[in-house]
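Engineer: Got a structure for you, written out below as structure tokens; questions coming shortly.
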């Protein structure tokens, strides 16, 4: 009781240390680091136009690359396998766009088939 009436260094330091400890633990809890992969199951291919693409490269939380596309029709997110043809193409394009600093949404635009050139008939 006499400690509270006088301003001694112990009375000031103990509550100060306790408040610092509590604020540090609260700060550390607020930083969320995923500890597992987002995709539990990956599809070989996904049909339909896409509105967005998200790529998570392997790292601390997940030991594989993940490609998540959002469908334009219903905003449903689907996971694509980076080992299959469609996933490889999107991942390669995404990496190229990241390196160039361009918009990665160019990767999800529908590719138009190229017109075949007619060969001249030989007579």
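Engineer: Of all residues in the range 51-62, which are touching a residue at least 24 places away in the same chain (Cβ under 8 Å) and over 16 Å from residue 92 (Cβ atoms)?
Structural biologist: Going residue by residue through the range 51-62, those that are touching a residue at least 24 places away in the same chain (Cβ under 8 Å) are 51-53, 55, 60-62.
Within the range 51-62, 51, 52, 60, 61, 62 meet the criteria.
Engineer: Applying the selection to the range 35-46, what residues are surrounded by 10 or more Cβ atoms within 10 Å (Cβ to Cβ) and assigned to a loop (DSSP other than H, G, I, E, B)?
Structural biologist: 37, 38, 39, 42, 44, 45, 46 - these are the residues of the range 35-46 that are surrounded by 10 or more Cβ atoms within 10 Å (Cβ to Cβ) and assigned to a loop (DSSP other than H, G, I, E, B).
Engineer: Also: Filter the range 77-92 down to residues that are surrounded by fewer than 19 Cβ atoms within 10 Å (Cβ to Cβ), touching a strand residue (DSSP E or B) at 6+ places or on another chain (Cβ under 7 Å) and not in a strand (DSSP E or B), then give me how many there are.
Structural biologist: 1
Here, each number is a calculation from the coordinates, and none is a lab measurement. Bear in mind that the values here come from a model prediction, so they are computed numbers and not experimental data. Cβ: placed from backbone, ideal geometry, glycine included. Neighbour counts: every protein chain shown.
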